[in-house]
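One structure below.
The values are calculated or read from the model by the stated rules, or taken from the named source; none is laboratory data. Small disclaimer: the values here were computed from a predicted structure and weren't measured. In this analysis, Cβ positions are derived from the backbone assuming ideal geometry, glycine residues included, and neighbour counts consider all displayed protein chains.
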Amino acid sequence: MAIVFQRPHALKEKPLHYCPGCTHGIVHRLVAEVIDELGIEGITIGVSPVGCAYNNYEYFECDMVQAAHGRAPAVATGIKRVHPDKVVFTYQGDGDLAAIGTAEIIHAANRGEKITTIFINNAIYGMTSGQMAPTTLEGQVTTTTPFGRKPELHGYPVRVCEMISTLGGAVFVERVSVCDIKNINNTKRAIKKAFQVQMAGKGFSLVEVLSTCPTNWGLDPVEALQWLKDNMEPFYRLGNFKGKDLEV
Ligand SMILES: Cc1ncc(C[n+]2csc(CCOP(=O)(O)OP(=O)(O)O)c2C)c(N)n1
Ligand code: SF4
């Protein structure tokens with residue numbers, strides 16, 4: 001009988017620890033499918049973040065390294081420079097990448113490090129119980145903004161793709177969403193292209209994935225997908241910011 005659906009080889013046979021409806025699991029699967037399709041499991045090294053995905057080294061079949069909070073791009077830089085023949089990726093949340101790790105991601109991108117960053121933007125600090133993140137939307141209620149994020153008090157939401165795409169060393173930058181099947185398929189395409197850009201030696205690549213945190217948003221999984229669509233997508237424009245026509 002023909003197999004039409006199975007676990008990607010690059011994703012270990014382990015139950016994920018994420019909350020029901022959390023989209024971290026979807027993105028893990030997409031990364032693993034891309035690793036399988038490109039046949040790079042044996043030469044891929046991932047760098048795990050701090051945040052809910054801190055132990056994703058348990059899930060990917062390839063080599064993985066754990067970095068301190070926000071430091072994944074610096075760790076990945078070292079790995080890639082020592083092993084230029086490997087495919088190196090970081091997997092980072094918005095607290096990890098856009099708060100404590102802001103300097104690391106900007107300078108790694110600007111140096112044109114030949115690494116790929118998978119950036120999970122769920123507009124909140126998930127693991128530590130729902131504090132405001134740099135990407136929290138105006139008016140969004142979090143545990144540290146109980147009356148909603150107010151720009152005059154808390155600053156404005158940071159648009160990472162728009163910022164990173166201005167940097168010379170960043171060659172492929174795209175924002176995608178996992179709100180429905182069509183967008184999930186598109187997310188996989190973008191992740192694959194980002195890896196291929198790295199493999200072609202072009203420079204730094206980043207895919208921002210608009211994601212859900214049903215637990216800290218206080219919504220059920222289906223409501224959370226709708227909230228993402230209704231609230232995040234209008235502010236965080238989907239699409240390619242750089243490198244759409246790069247030959248890989
Ligand atoms: C230096 C440092 N500061 C703060 C923390 C606490 N901390 C751990 S995870 C986290 C939030 C992570 O949020 P995010 O990166 O958005 O990932 P998510 O949990 O939403 O996937 C924080 C603040 C830490 N571990 N180390
Ligand atoms: S707290 Fe949020 S980001 Fe973390 S596993 Fe649960 S739903 Fe996912």
Review point. Counting just the residues of the range 31-66 that are surrounded by 18 or more Cβ atoms within 10 Å (Cβ to Cβ) and of a type in the set (G, A, S), which one comes out farthest from ligand 1 (Cβ to nearest atom)?
Key: A32
Point to revise | Number of the condition not met by T145 [criteria: (1) out of contact with any strand residue (DSSP E or B) (no Cβ under 6 Å at 6 or more places or on another chain); (2) within 16 Å of ligand 1 (Cβ to nearest atom); (3) within 28 Å of E41 (Cβ to Cβ)] | key: (3)
Exercise for review: Count, please, the residues in the range 184-232 that happen to be assigned to a loop (DSSP other than H, G, I, E, B), crowded, with 21+ Cβ neighbours inside 10 Å and within 16 Å of ligand 1 (Cβ to nearest atom).
Suggested key: 3
Review point. Within the range 52-67, can you find the residues that are farther than 15 Å from K14 by Cα and either in a strand (DSSP E or B) or within 13 Å of ligand 2 (Cβ to nearest atom) (or both)?
Key: C52, Y54, D63, M64, V65, Q66
**Study point:** Selection from the range 196-218 of residues that are in contact with a helix residue (DSSP H, G or I) (Cβ under 6 Å, 6 or more places away or on another chain) and either free of Cβ contacts under 8 Å to residues at least 12 places away in the same chain or among the hydrophobic types (A, V, I, L, M, F, W, C) (or both)
**Key:** F204, L206, V207, V209, L210, W217
Revision key, fill the gap. Y125 vs (1) in contact with an Asp or Glu (Cβ under 7 Å, 6 or more places away or on another chain); (2) in contact (Cβ under 8 Å) with a residue 60 or more places away in the chain: all pass except (1)
Revision key, fill the gap. Picking from G70, G95, the residue that is part of a helix (DSSP H, G or I) and modelled with pLDDT of 95 or more would be G95
Exercise for review: Mind telling me which of the residues G126, G95 ends up being on the phi < 0 side of the Ramachandran plot, touching a Cys at 6+ places or on another chain (Cβ under 7 Å) and within 16 Å of ligand 1 (Cβ to nearest atom)?
Suggested key: G126
Revision key, fill the gap. So, first residue over 20 Å from K193 (Cβ atoms) in the range 82-93, second residue hydroxyl-bearing (S, T, Y), Cβ within less than 9 Å, six or more apart or across chains; the pairs are G93/Y125; G93/S211
Practice item. Check whether at least one residue in the range 28-51 is closer than 21 Å to N185 by Cα, in contact with a Gly (Cβ under 7 Å, 6 or more places away or on another chain) and more than 16 Å from ligand 2 (Cβ to nearest atom), and report yes or no. Key: no
Review point. Can you name the residue in the range 17-30 that is without any contact (Cβ under 8 Å) to a residue 60 or more places away in the chain and assigned to a loop (DSSP other than H, G, I, E, B) and is also surrounded by the fewest Cβ atoms within 10 Å (Cβ to Cβ) among such residues?
Key: H17
Review point. Taking the range 112-163 as the region of interest, how many residues are within 30 Å of T77 (Cα to Cα), not in a loop (DSSP other than H, G, I, E, B) and not aliphatic (A, V, I, L, M)?
Key: 8
